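The values are calculated or read from the model by the stated rules, or taken from the named source; none is laboratory data. Note that this is a predicted model, so its numbers are computed, not measured. Because the Cβ atoms are built from the backbone with ideal geometry, glycine has one as well, and the counts that use them run over all protein chains shown.
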């Protein structure tokens, strides 16, 4: 059944209850960033994770890219396929359009996100605790309506961890003070959660520079991530004009992971769009990162 043909009754939350239409965030980029056909999408995800060393590592956090699956899917797959994905995954990404009614951290509080592989439920209890813990966070359907940064990660979760729920957050700033505040709140809610939680930042790296220049800039950003220093990551991006679209999301996730005990991160994949389209003169680059 295609996405357009589904009815409200087709959508159920994790506990089997019906997801009302206001709680269902409709797919915005199915058929654009990834296949809208379920079988084709499942095959595409399988291709993205093929050959990735298994191991089901338990990690506090990760960083994955969010371009079209054909460009960055294998980089994202290099992270997701290595992980033991827990019941709750907090997805933090950039608000590309800067449309929001929240104070800047736009949450989808309850219900589910639509995908061709079925709905991905929201962990409403975690979302509500986070909203209470931070005055930066508020439910904001407008911010999520057309945003692709979190949606493109959902096929991996549906295939690799179909029982997991998400907490989706979009950020509309890249300053350290709100990043640090949100990271503290996020770390505290994770500590208070009785089961494992995975924090995932969705971010591409340098945009529209040569592959050589992109790599030189990305090395500087990734060095700060490897040191688990979210503040230094933001500083490096601003100082060296690194056009990392999800730098605030990465800084929040890195800092929250540090407060949860992380001391280093591991880059497990790096690539750029030129490897797909043959144009190394103007690339977008991607990295996959694990934060144990």
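Details
- Top-ranked residue of segment 88-102 - restricted to ones that are farther than 16 Å from residue 151 by Cβ and surrounded by fewer than 17 Cβ atoms within 10 Å (Cβ to Cβ), ranked as modelled with the lowest pLDDT: 98
- Scanning segment 197-246 for residues that are assigned to a strand (DSSP E or B) and surrounded by fewer than 17 Cβ atoms within 10 Å (Cβ to Cβ) gives 207, 208.
- Here the condition is being closer than 17 Å to residue 93 by Cβ and either in a helix (DSSP H, G or I) or without any contact (Cβ under 8 Å) to a residue 24 or more places away in the chain (or both); of 168, 194, 178, it holds for 178 alone.
- Check on residue 157, in a helix (DSSP H, G or I), crowded, with 24+ Cβ neighbours inside 10 Å and touching a residue at least 60 places away in the same chain (Cβ under 8 Å): yes
- Among residues of segment 254-270 being under 8 Å from residue 230 (Cβ atoms) and touching a strand residue (DSSP E or B) at 6+ places or on another chain (Cβ under 9 Å), the one that is surrounded by the most Cβ atoms within 10 Å (Cβ to Cβ) is 254.
- Members of segment 98-117 that are farther than 23 Å from residue 177 by Cβ, out of contact with any helix residue (DSSP H, G or I) (no Cβ under 6 Å at 6 or more places or on another chain) and outside any strand (DSSP E or B): 114
- Hits in segment 118-141 (condition: surrounded by fewer than 20 Cβ atoms within 10 Å (Cβ to Cβ) and in a loop (DSSP other than H, G, I, E, B)): 118, 135
- Filter result for residue 31 (modelled with pLDDT under 95 and over 15 Å from residue 159 (Cα atoms)): no
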